[in-house]
Structures are given as C-alpha cells and as structure tokens.
Amino acid sequence: MWALAQVVSQGGSDLHVAVNAPPRIRLHGALEDLPSTVPWTPEKMEGALHSIMTPAQRDTFEEHLELDFAFTLSAESRFRVNVYQQRGNLGAAFRLIPTEIKPLGDLGVPASVSRFATLARGLVLVTGPTGSGKSTTLAGLIDLVNRTRTDHIVTVEDPIEFMHENKKSLINQREVGSDTHSFANALKHVLRQDPDVILIGELRDLETISVALTAAETGHLVFATLHTQSAGQTIDRVIDVFPPHQQGQVRAQLASTLQGVVCQTLIPRASGGGRAVATEILVANAAIGNLIREGKTFQIPSALQAGRELGMHTLDQHLADLVNHGVITHQAAMEKAQDTENLRQLIHRAESNGQMAGAGMNGSF
C-alpha cells in the first residue's frame, strides 16, 4: 500500500514489483527505484499480491498464470493491475488510472477529435503504444457523448478503468472476467441491448474486429483501441487480421464505416514537468475511403498532409508544431518522428535551452 501511495504522491504513472528487486515507479516515462526500499523476497511478493486479490482472483491466476484486474487504493486512486509469473516467481505491474475524466481540450488533444463524439454512426479508432494515453482520450470522448447526447452507451473493457456516471446518457460498463467471460461473448449480444454508442476496450482478434465493423455498419457509433502507431498502419492491421479471400470485402466495409483514427504518443516536456501528447489525426472523407478500398494505404500520409482544413495532420506535423511552440525539444521530437528529414523541414524554431509552453498546447497526461 505504501508503494502504491508513492505513485500517487509523486505523480507517477506505474509501479513495477519484481522478486529480488526494490519496487520501481515510472515518473515522466522513466523508471526510478523507490527511496528507502529493499529488494522484495518471493515470500514478501506473494504476501503483498495475495493481499489485494480475492480468492476467486487467486484461483484464476493459479489456473492461467496471468491476471488483469482493477484495484481501488482510495476514492481518488485506482490502479489497473497485471499479475504474472516470471522464472517461477510472481511479479506485477500497476498502472494508475486517473479518477477525474478530463475534457479533451485539457489533455492537449486537437479540437478536431471532439467531432467524433457528435457522429451518429461509424467506427473511430484510438491507437498508440502501451502507456500513450489511449484510455484517457477514449474516456474524454465517452464523457463528451455522456454530457451532450441522450443515448445508451455500452462499454466492454478489460478491466474497467474510468468509472462513468449517468449524465444525459445511460451508460453500462461491462468488465471482462467479472461481468462477461470474454470480449467475443459480450459483443455477440451487445446489439440486442439497444446501444447507440459502443466502446470496445481493445480490438484483439478477428471476431472482435468483425463485430465492431458490423456494429458500425448497422448504425452504431463504435469506439475502440489498437496498438498501432500511424493511421495507415491501423487500417492495414484491421484488414490483415482477415484471411486473404475476405480482405476485399473488409476493405469495402472499412471504407464505408471508418470515421476517424487518432494515433497518439506521449513525449517528455521541454520544461521537465509531465508529458505532452502528440497525435496523428485521420478524418474520413471520400478520398480516404477510395484509398482504403483500393488498397493504397501508403498514400494516406499525403492525404493527411493535404487535409489540415478538415482537422487532419500527420504525427510529424504535430511534432513540429510542438517543437515550434517550445513544448518539446528537437531531440524528443526526432525520437518519435516517422520521417526525420521531413520533420527537420517542418521545424522553424532554433534549438535553445529556454523552452516555452505553447499556447493551446498545455494539456498533459
């Protein structure tokens, strides 16, 4: 409990515990040992982790040697927990889940993303590597729907992270493991629950992706996540999951249902305080639909560069904006760039020791 409390008090994002090592927390993207701690023995590890697991959760772990669940430390602090086994010993990773659902503008997410919460139907994908703030952005989108529309929202998550209250909308959140046996089982029946908006925690397999496309095609607004790092890669990943003989049909399906892709990553701020979000935004239009249908996803970056008036941009364009406003350093941007030469051409600010926080880009995760 002390180690988890340190994550909260120090403003960290994660806690890692492993046998024969002291607990470590992640601060602004880097791991640091907790002060005044000693390596945990196997006995201490087992006792600590068993103390926060229910008997049913312990049985599940013994059977599968993997366990995901949410743990509440206090009214203001919840963690997403993954317990695992390595070299015969227990280990765990804890991710702090913010209890406050921030508006998208406060996160530094571009204003064009808010439009996705106004759509009547279609598929919106929020993507990025682990720890890039996907869940936080999705929570902001769902909260915007919840505050502005009189809809029925159903979420399927593993585990439930942000806890939503009913506002204008009615929201039901289902957790894999405790409320349903699997994503596939929940999604088989979700269309019979009269939803207007569906949130799928992660598109993990062909069956889940297929149901998501069908739901979007039949008049529902579907939000979901993927672990991809560009809009083109996201589209290819969805299509490549299917066998070759179905891919033509899936391209047509995706071309007609995809409404937007938000790819994001977090980058340390030049000031040293927190991390800024950098995004790549795709907003579906006829040109994007044709590229998907014809299998020309390699041309999508050019379409994004040409679509700034619609709210589209590439990751490199946003990285350059952040550098030009003094939010992040040249070096940090180069480490995340998709095309370093293109990024150099987009940056107009000379490298300097004094960095300023750019107006309109102060959101942080």
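Descriptive notes on the structure:
- Taking Cα centre as origin and charging only the Cβ of basic (Lys, Arg, +1) and acidic (Asp, Glu, -1) residues, the dipole magnitude of the chain rounds to 680 debye.
- Each Lys and Arg Cβ is given +1 and each Asp and Glu Cβ -1; about its Cα centre, the stretch 210-365 then shows a dipole of about 160 debye.
- Binned Cα-Cα distance frequencies in the stretch 16-95 - 5 Å width, integer %: 3, 14, 24, 26, 21, 9, 3, 0
- Stokes-Einstein diffusion of the stretch 114-191 at 20 °C, 1.002 mPa s viscosity, Kirkwood radius from Cα pairs, rounded to a whole number: 159 µm²/s.
- The mean sequence separation of alpha-carbon pairs under 8 Å and at least six residues apart, normalised by the residue count of the stretch 169-291, gives a relative contact order of 18 percent.
- The stretch 303-322 and the stretch 212-255 have their alpha-carbon centroids 22 Å apart.
- Alpha carbon centroid spacing (whole Å) that separates the stretch 1-78 from the stretch 86-126: 22
- Once the Cβ-Cβ distance of residue 120 and residue 188 is raised to the sixth power relative to R0 = 30 Å, the FRET efficiency obtained is 0.80.
- From least to most packed, judged by other beta carbons within 10 angstrom and beginning with the fewest, 334, 312 follow the order 334, 312.
- Residue exposure sequence - 125, 4 - by fewest surrounding Cβ within 10 Å: 4, 125
- In the stretch 256-300, inverting the average of 1/r over every pair of distinct C-alpha atoms gives 12.5 Å as the Kirkwood radius.
- Going by neighbour counts of Cβ atoms within 10 Å, the residues 300, 160 line up, fewest first, as 160, 300.
- Between the residues 276, 19, 249, the greatest Cα displacement towards the positive end of the dipole of the chain, with unit charges on the Cβ of Lys, Arg, Asp and Glu, is found for 276.
- Note on residue 294/residue 99: beta-carbon distance plugged into 1/(1 + (r/R0)^6) with R0 of 56 Å gives a FRET efficiency of 0.80.
- Extension gain from residue 178 to residue 9, taking 0.36 nm per residue of separation minus the Cα-Cα distance: 57.8 nm
- Distance cut-off 13 Å, percentage of C-alpha pairs in the stretch 66-119 lying past it: 70
- Across the stretch 210-365, the relative contact order, built from alpha-carbon pairs under 8 Å that are at least six residues apart, equals 22 percent.
- Sequence-distant contacts, meaning Cα pairs under 8 Å at least 6 residues apart, place the relative contact order of the chain at 14 percent.
- Point-charge dipole on Cβ atoms (K/R +1, D/E -1) for the stretch 66-110, about Cα centre, debye to 20: 140
- 23 Å Cα-Cα reach of residue 336 towards lysines, excluding residues that sit fewer than 8 places from it in its own chain: 134
- Every helix of 4 or more DSSP H residues in the chain counts as -39500 (n - 2.57), and over all residues that averages to -9500 deg cm²/dmol at 222 nm.
- Taking a Cβ cut-off of under 15 Å around residue 256, the surrounding Lys, Arg, Asp and Glu residues balance to a net charge of +1, with basic ones at +1 and acidic ones at -1.
All of the numbers you see were taken from the coordinates with simple rules; none came from a lab. Just so it is clear, the structure is predicted and the values come from calculations on it, not from any experiment. Every residue, glycine among them, receives a Cβ derived from its backbone with ideal geometry; neighbour counts consider all protein chains shown.
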